[in-house]
Structures are given as structure tokens and as C-alpha cells.
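Reviewing the structure listed below.
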Amino acid sequence: VFPARNIDMLNVGKSVSMHNVLINLWAPVVVEEGANLAHNVMLVTGGHEITSLGAQAKVVPRGGITIRSNAFIGAGSIVLGGLTIGKGSIIASGSVVTKSVPDHEIWGGNPANYIRKLPDVDSSGTDK
């Protein structure tokens, strides 16, 4: 997590699984209950603004990220700022997510695109 001084902008729910995840905290990040972020996922809430050739780049917040409950983000994926990954959605490994993902959908690729809808299930695993 960097910058560490912004740790109060990170909100992680119960039973969340994260493995070697990089979280860039220039804007708030919420990871809801039961979400799973696989190895080497990057949550990027800031970017760099370069005003002229040779000028030092300035960090610019790009918006917060919300990972809704029971979402899964595959290994090596990058989620850009200002987005929400929907409840129960799946992001394929190696994806670059540039748009918000609705609930119960599979997305993948660079940039990530819609692949298919998942069935809605209740907490017992039964289709609704």
C-alpha cells in the first residue's frame, strides 16, 4: 500500500483474500466482504500529469475503486481508478479494467471487455 500515509483511505471487509496486491492510495479503495484478489493485482487510483517535456510528473488522483462482495480479480490484473467491480463478478487473469463491471459478470482482456453473465446465486449457492 502506498503512499502509506493515506492508509485511512483503505477499507477492507471480512473474509477478504489478497495475495501480493499493490494498492495505490491516492483515492479511497473499498474491498467488500468475501472479495478475492489473486497474486500481483494492482489497484491504481492515481496517475501522473506531465505538463511539458522534461518537467517533473505530478501525481493526480484518478478516482476511488470499489471491489464489491464476492468479486474475484485474477492474477496480474490492473484495475484503474474511478471504477467499481460488481458483486460476484470475475475479472480474468492479466486483464486491464478501464470500465466499471456490473454485478455477476465475467470480464477479461486488455482492455477488459464483457465475456458473459453469471447466474445470480444466494448465499447457499442456489440459483435465484
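The values are calculated or read from the model by the stated rules, or taken from the named source; none is laboratory data. Here the structure is a predicted model, which is why all the values come from computation and not from measurement. Note: ideal-geometry Cβ built from the backbone for every residue, glycine included; neighbour counts use all protein chains shown.
Residues of region 42-83 being of a type in the set (A, V, I, L, M) and closer than 19 Å to V21 by Cβ, which ones?
Result: M42, L43, V44, I65, I67, A71, I73, A75, I78, V79, L80, L83.
Yes or no, residue by residue, for (1) surrounded by fewer than 18 Cβ atoms within 10 Å (Cβ to Cβ); (2) farther than 17 Å from G108 by Cα; (3) modelled with pLDDT of 90 or more:
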residue: E33; (1), (2), (3): yes, yes, yes
residue: N40; (1), (2), (3): yes, no, yes
residue: Q56; (1), (2), (3): yes, yes, no
residue: G63; (1), (2), (3): yes, yes, yes
residue: A71; (1), (2), (3): no, no, yes
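Quick check on V101: is it buried (at least 19 other Cβ atoms within 10 Å of the Cβ), in contact with a strand residue (DSSP E or B) (Cβ under 6 Å, 6 or more places away or on another chain) and free of Cβ contacts under 8 Å to residues at least 40 places away in the same chain?
In short, yes.
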Quiz item: Just for region 88-128: of the residues that are assigned to a strand (DSSP E or B) and modelled with pLDDT under 95, which one is nearest to G63 (Cα to Cα)?
Solution: V121
Practice problem: Please find, among S15, S93, the residue that is more than 11 Å from the chain's Cα centre (by Cα) and at negative phi. | Solution: S93
Self-check item: Among (1) touching a residue at least 40 places away in the same chain (Cβ under 8 Å); (2) under 18 Å from R5 (Cβ atoms) - the single one K58 does not satisfy
Solution: (1)
